[in-house]
2 protein chains.
Amino acid sequence: MASKSTENRNPAQSADGRAFEIVKNGVESIEIGAEDVSDPQDGKSLSKKAAKKEAAKAERLQKRQMAAAAAAATVVEESDPLAGNYGDLPLEAVQSKEISGRKWTRVGSLMDELKDQQILVRGRAHAIRGVSSKMAFLVVREAGYTVQCVLNVNPGVVSKGMVKFVTGLSKESIVDVEGIVTVPNIAITGASQQVEIHVRKVYCVSKSQPTLPINLEDAARSEKEFEKAEQTGEHVVRVGQDTRLNYRVLDLRTPANQGIFRVQSYVSMLFRQFLISEGFVELHTPKLIAGASEGGSSVFKLDYKGQPACLAQSPQLHKQMAICADFGRVFEIGPVFRAEDSFTHRHLCEFTGLDLEMEIKEHYFEVLDILDKLFITIFDGLNEHCKKELHAINQQYPFEPLKYLRKTLRLTFQEGVQMLKEAGIEVDPLGDFNTETERKLGGLVREKYDTDFYILHRYPLAVRPFYTMPCIDDPLYSNSFDVFIRGEEIISGAQRVHEPEFLTKRAKELGIDVNTISTYIDSFRWGAVPHGGLGVGLERVVMLFCALNNIRKTSLFPRDPQRLAP
Amino acid sequence: MASKSTENRNPAQSADGRAFEIVKNGVESIEIGAEDVSDPQDGKSLSKKAAKKEAAKAERLQKRQMAAAAAAATVVEESDPLAGNYGDLPLEAVQSKEISGRKWTRVGSLMDELKDQQILVRGRAHAIRGVSSKMAFLVVREAGYTVQCVLNVNPGVVSKGMVKFVTGLSKESIVDVEGIVTVPNIAITGASQQVEIHVRKVYCVSKSQPTLPINLEDAARSEKEFEKAEQTGEHVVRVGQDTRLNYRVLDLRTPANQGIFRVQSYVSMLFRQFLISEGFVELHTPKLIAGASEGGSSVFKLDYKGQPACLAQSPQLHKQMAICADFGRVFEIGPVFRAEDSFTHRHLCEFTGLDLEMEIKEHYFEVLDILDKLFITIFDGLNEHCKKELHAINQQYPFEPLKYLRKTLRLTFQEGVQMLKEAGIEVDPLGDFNTETERKLGGLVREKYDTDFYILHRYPLAVRPFYTMPCIDDPLYSNSFDVFIRGEEIISGAQRVHEPEFLTKRAKELGIDVNTISTYIDSFRWGAVPHGGLGVGLERVVMLFCALNNIRKTSLFPRDPQRLAP
């Protein structure tokens, strides 16, 4: 594995001037790091506000790194007969040179059953502790799981050089560790796995900069730890949201973030699986469209081969067209673009829309029935299958489990207005609720019905899009609904107007230039089934299921009015 | 159901001037249709070339429609005691007025077992044939299935007025049919279901324009029928690709198109299901990015709140960043934007990318192993579960089933060059194949190995993106691959460069401004596992699995350099 041969050296790489031999210290990567972080160009892709901060920080970082580099540049022990058992791997070793047939064991599957077996793991150098020149501990992390590796100098097995190499590793470097599994008598507190690896070989596959822009330990610190530190007077670093996002690749490595995005992946899976089992067809509608996809909020405009175009604000029009095209029940999971200047904890300029649209026979309650079963399936599925992930999130950001009923509560908008009124809050019965009122109503509903999840339907027509079907018994209201988790909206939906002349009239009334949506309106002229549907924000579902305080926490690489990077 | 009461009439709708009472003829919708199709605004959103054609066509259409309207405007029979059993439903009836508890039976599930039972179906008036003033046939279509409905005048059951109403229906209108299931002694050739419905009630839920821009019968005609017509001298209409796309909502209703998009939905499902079972996490990476996502082909540019931005040409950079963020194995299904001026049968400006990226231990063959199992799972799944859909596609566009091996063939690029050479075709061993050469090689591979699906790997480095890992034994070649179906590329992938300095060097060599990708390159400075991945074009997979001749057939609402609508 740790081949020193250079006869196959890649000329292109040699030209690069890089040494491919096993390097015994981290100086090279330190220099790389210093050069990089101070690169003034780096700030260009960051948000403007963040860029200034970063410049100052980079300077401090560089100073620290230069000091670290000087300290690490110690003389290398060259006479070690075990030298081949440790060191930096050359790139060649992982450049698809050969298939060795070796098996890597997952850190998460290291259990008592493997006692006394020789195993090989690849992971990150999560924590390194040199006890003496003869002993060191290395905690290796992989996919959120950690295992403690022990190095004890032992002639012919572990050399001082190996201990030195390990203590010189920079955190977050990728390492291959080969060793024997042992089961200690006492519980291991510093790692998730309750076995240890007695190291025989250890190689660095990819070196990290020795000083990181954010420390994983800081990024993963829980509120409880902050409270404790405050009591004890210990100084601990709190990593701000903007800094996290600037170095998102590091931030995402925390157990909570690993959990958040695995939960998010699971939500999509449950959404799809349920809908496919109910006869829905998955669609991919165009994101590049002529004209605005809905009236109201602003859109991102662009030039499309000389034609004015914009990014779809939702798959609304095309998913309805798919219903007119006989697909019966359809869904889509895809990006949704909003150019609004909303600087809130729950708005993004790009998010993932979970959309569905379905034929209805006579009532929009048919959509609510699907919605109801769908979300109970999702919540049950998360609670059942994402225990580890939810626990990891809860450790850093404590939250109470979501309360939801087996059959989702349905209140009319007017009932909501009445509940607020009884609580002393007067709202316009023909207006929309603001965020604060929604939260307040969420609290009242929880108190009265013991649920964090409920449907509010029959919204005032005036606050809904033009394609919303009015109520038959009161045209001031509509066959529409919003759905709330913990007092915040996650879903919006309705029965749609499927009659083309009425649709045209409604569009005109709301000031929409019907010429820009003529192909949409035309779709209803060739026979259209009554239908309804809804749109869900994936990031909001995860945010609110876990009671997180910011939607940027549930978007992998968030986009808001000030952020277009990384 | 067909309530005539008007006391609940919605004032907003009355103001519209529309009559909500049961209307006994189709004149109203005919006028709507005539007005709409001749609307000169309609052409605005069509491609320029298509717009001219449409103008001429619309004029012809209008003339035909006016003639049809005149013919249909016959005097209505008002004294029919059965008048409540048929007619046009008012919008009110499907405006979420009530939940009647009635059950609709799916046309596709109409079987012998239902003999003598009274059932209710909703579907389209697919075909209408008046035999006499006392008898008519109505074929109802739902989700690609059809059933024959019979009307025979019978006192107290079926009136002449009902027969007249049905014969006056315009094709593609949505109808509710209530009747008794009977099983005829002879096979039914004009419908998919082998039972008949003896009609008791029939209502029109949504009227279609009487003259459609394209007839479903024409749009669904198979090559075999065209050949037959040529032999018999019969005149049949062939609907061109552009016309189909201009009226995509109608075009999509053909059995073949219903099949294509159900197959497409199934491909995504199998892709996800397999990857999730292999431990992959589903991601959603941003489509709005600063700078170009890869060098080379042109991008759609836009203004992002005062910052220059563009649409992602692939999730490449962000999915690799997710690997650096410890997600281990990731995939994404989402739109991919290419502003290239490619006017071919296989290029689109927006398509659906199926992307995956994964940690590898030592060799890019680990990616090929996943790819191999993934695609065999997809092909097997389609053949097993989409028989009906594939049959429907095959009926209109005949194709041979895809030949693929249980273990996918892997040839090196150099082996491909050699095979071509032996067949008398000289190609540059350090260049790329063109479409013609790829097809030719596909033919040679099929001849020699009896497979339509194979992997070609170790492409020349010069023809691959900057992030591609060179081969260790020959830096002119790379650890990359393409995958072919029926001689056309559907997948591109490789091991990636995970070493930041080498990555920077490669980017610079290919003329990429590294400042625009600094956050990407920085991701590799904090420890990066060796990794590789691939991207698949969903539309291409479906196109080539079914040997279709144009990618516009497998994109729901295609976008090419000339088309931004519907």
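For this structure, a couple of remarks:
- Checking each residue in segment B:349-397 for being in contact with a strand residue (DSSP E or B) (Cβ under 9 Å, 6 or more places away or on another chain), away from chain A (no Cβ under 14 Å) and closer than 26 Å to B:Cys471 by Cβ picks out B:Ile370, B:Leu371, B:Asp372, B:Leu374, B:Phe375.
- Here segment B:446-461 is the region considered, the condition is being out of contact with any Gly (no Cβ under 8 Å at 6 or more places or on another chain) and among the hydrophobic types (A, V, I, L, M, F, W, C), and the residue that is surrounded by the most Cβ atoms within 10 Å (Cβ to Cβ) is B:Phe453.
- Scanning segment A:126-170 for residues that are more than 29 Å from A:Gln396 (Cα to Cα), crowded, with 22+ Cβ neighbours inside 10 Å and either outside the structural domain of A:Leu91 (by the TED database) or of a type in the set (Val, Ile, Thr) (or both) turns up A:Val158, A:Val163, A:Val166.
- Flag if A:Val202 is more than 14 Å from every other protein chain (Cβ to nearest Cβ), touching a helix residue (DSSP H, G or I) at 6+ places or on another chain (Cβ under 8 Å), in a loop (DSSP other than H, G, I, E, B) and under 26 Å from B:Phe524 (Cβ atoms): no
- With respect to being more than 30 Å from B:Gln495 (Cβ to Cβ) and more than 20 Å from the chain's Cα centre (by Cα), B:His284 falls outside the description.
- Set B:Asp369, B:Asp341, B:Asp355: member being surrounded by 17 or more Cβ atoms within 10 Å (Cβ to Cβ) and either of a type in the set (Asp, Glu) or over 25 Å from B:Leu317 (Cβ atoms) (or both): B:Asp355
- Enumeration of residues in segment B:171-190 that are within 13 Å of B:Arg141 (Cβ to Cβ), small (Gly, Ala, Ser) and either over 24 Å from the mean Cα position of the chain (by Cα) or not assigned by the TED database to the domain that holds B:Arg106 (or both): B:Gly190
- Qualifying residue in segment A:225-236 (condition: closer than 24 Å to A:Thr352 by Cβ and touching a residue at least 12 places away in the same chain (Cβ under 8 Å)): no
- Flag for B:Leu430 being in a strand (DSSP E or B) and in contact with a strand residue (DSSP E or B) (Cβ under 6 Å, 6 or more places away or on another chain): no
- Scanning segment B:333-348 for residues that are of a type in the set (D, E, K, R) and at the interface with chain A (Cβ under 10 Å from one of its Cβ atoms) turns up just one, B:Asp341.
- Residues that are out of contact with any strand residue (DSSP E or B) (no Cβ under 7 Å at 6 or more places or on another chain), within 14 Å of chain B (Cβ to nearest Cβ) and touching a residue at least 12 places away in the same chain (Cβ under 8 Å) within segment A:82-102 comprise A:Pro90, A:Leu91, A:Glu92, A:Ala93, A:Gln95, A:Lys97, A:Ser100, listed in sequence order.
- Selection from segment B:381-394 of residues that are buried (at least 17 other Cβ atoms within 10 Å of the Cβ) and of a type in the set (S, T, N, Q): B:Asn394
- For A:Leu311: the one exception among (1) within 9 Å of chain B (Cβ to nearest Cβ); (2) surrounded by fewer than 24 Cβ atoms within 10 Å (Cβ to Cβ): (2)
- Meeting the requirement of 2 or more residues that are under 27 Å from A:Ala325 (Cβ atoms) and among the small types (Gly, Ala, Ser), the strands (runs of 3 or more DSSP E) wholly within segment B:84-172 are B:118-132.
Listed here are the residues, each with its yes/no results for (1) under 27 Å from A:Ile512 (Cα atoms); (2) basic (Lys, Arg); (3) under 25 Å from the mean Cα position of the chain (by Cα).
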position: A:Gly279; (1), (2), (3): no, no, no
position: A:Pro308; (1), (2), (3): yes, no, no
position: A:Phe327; (1), (2), (3): no, no, no
position: A:Phe343; (1), (2), (3): yes, no, yes
position: A:Glu357; (1), (2), (3): yes, no, no
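- Some residue of segment A:97-117 being within 27 Å of the chain's Cα centre (by Cα), surrounded by fewer than 21 Cβ atoms within 10 Å (Cβ to Cβ) and under 21 Å from A:Val163 (Cα atoms): no
- When A:Leu441 is tested against (1) surrounded by 14 or more Cβ atoms within 10 Å (Cβ to Cβ); (2) free of Cβ contacts under 8 Å to residues at least 40 places away in the same chain, exactly one condition is not met: (2).
- The single condition among (1) over 22 Å from A:Ser173 (Cα atoms); (2) touching a residue at least 40 places away in the same chain (Cβ under 8 Å) that A:Glu113 does not satisfy is (2).
- Single residue of segment B:329-341 satisfying the filter (over 30 Å from A:Gln95 (Cα atoms) and over 20 Å from the mean Cα position of the chain (by Cα)) that is modelled with the highest pLDDT: B:Ala339
- If the condition is being in a strand (DSSP E or B) and within 14 Å of chain A (Cβ to nearest Cβ), then segment B:173-190 contributes B:Ile174, B:Val175, B:Asp176, B:Val177, B:Glu178.
The values are calculated or read from the model by the stated rules, or taken from the named source; none is laboratory data. Everything numeric here is computed off the predicted structure, so don't read it as measured data. In this analysis, Cβ positions are derived from the backbone assuming ideal geometry, glycine residues included, and neighbour counts consider all displayed protein chains.
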